[in-house]
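Colleague: Dumping the structure here so I can ask a few things about it.
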Amino acid sequence: VGKEYQQGYKRVNDRLPKVPEDTTQDALGQTRQCLQCIDDLLARAGTDKTRILMATIYLVDIQDFQAMNSAWDAWVPEGAAPSRATVAGVTLADPGWKVEIVVTAAMP
């Protein structure tokens with residue numbers, strides 16, 4: 001994990017934003033993949049999902065919102081839901097991607 005200290009913040013660079021590895025999965029499966037990658041990255045950085053300050057989720061198709069949202073709701077700890085924006089109708093870098101997630105988390 002590459003680390004950079006800047007103005008009191010620790011930035012961790014590791015293939016951000018998070019995108020699915022297995023593009024054959026549906027939006028639910030791809031969202032779960034992204035969230036697992038985020039868990040892993042946060043753990044390596046010494047923090048966790050309870051310290052996420054904000055998230056932006058990009059969806060290719062708004063019809064995938066319910067599937068993405070069900071994975072998100074199951075993943076976010078009760079009482080620790082961060083501010084979140086979801087943007088739909090985007091073109092992502094890989095045509096197989098249905099979802100892309102960017103998070104900002106506080107360090108302990």
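Colleague: Can you pull out every residue in the range 26-39 that is of a type in the set (S, T, N, Q) and in contact (Cβ under 8 Å) with a residue 24 or more places away in the chain?
Modeller: The answer is Q30, T31.
Colleague: Return the residues of the range 15-29 that are at pLDDT below 95 and either part of a helix (DSSP H, G or I) or hydroxyl-bearing (S, T, Y) (or both); say none if nothing qualifies.
Modeller: If the condition is that a residue be at pLDDT below 95 and either part of a helix (DSSP H, G or I) or hydroxyl-bearing (S, T, Y) (or both), then T23, T24 are the ones that fit.
Colleague: Identify all residues within the range 29-62 that are open to solvent by less than 60 Å² (accessible area, probe 1.4 Å) and hydroxyl-bearing (S, T, Y); write none if there are none.
Modeller: Passing the criteria: T31, T47, T56.
Colleague: Here's a follow-up. May I ask you to verify whether A67 is touching a Cys at 6+ places or on another chain (Cβ under 9 Å) and at pLDDT 95 or above?
Modeller: In short, no.
Colleague: Moving on to the next point. Restricting to the range 63-87, give me the number of residues that are out of contact with any Phe, Trp or Tyr (no Cβ under 8 Å at 6 or more places or on another chain) and open to solvent by 50 Å² or more (accessible area, probe 1.4 Å).
Modeller: Count: 10.
Colleague: Can you list residue pairs whose Cβ atoms sit under 8 Å apart, with the first residue in the range 40-54 being β-branched (V, I, T) and the second being surrounded by 15 or more Cβ atoms within 10 Å (Cβ to Cβ)? Count only pairs 6 or more apart in sequence or on different chains.
Modeller: Close Cβ pairs (under 8 Å, with a partner that is surrounded by 15 or more Cβ atoms within 10 Å (Cβ to Cβ)) amount to T47/A105; I52/L42; I52/P82; I52/V103; I52/A105.
Colleague: I'm trying to understand the selection: among the residues of the range 60-108, which are within 14 Å of Q25 (Cα to Cα), touching a helix residue (DSSP H, G or I) at 6+ places or on another chain (Cβ under 8 Å) and either small (G, A, S) or assigned to a strand (DSSP E or B) (or both)?
Modeller: A67, A71, V99, E100 - these are the residues of the range 60-108 that are within 14 Å of Q25 (Cα to Cα), touching a helix residue (DSSP H, G or I) at 6+ places or on another chain (Cβ under 8 Å) and either small (G, A, S) or assigned to a strand (DSSP E or B) (or both).
The values are calculated or read from the model by the stated rules, or taken from the named source; none is laboratory data. All values derive from a computational prediction rather than experimental measurement. FYI the Cβ positions are ideal-geometry reconstructions off the backbone, even for glycines, and counts take in every protein chain you see. For the accessible areas, the whole protein counts, side chains as well, though only heavy atoms, and no ligand, DNA or RNA atoms are used. Shrake-Rupley method; radii C 1.70, N 1.55, O 1.52, S 1.80 Å.
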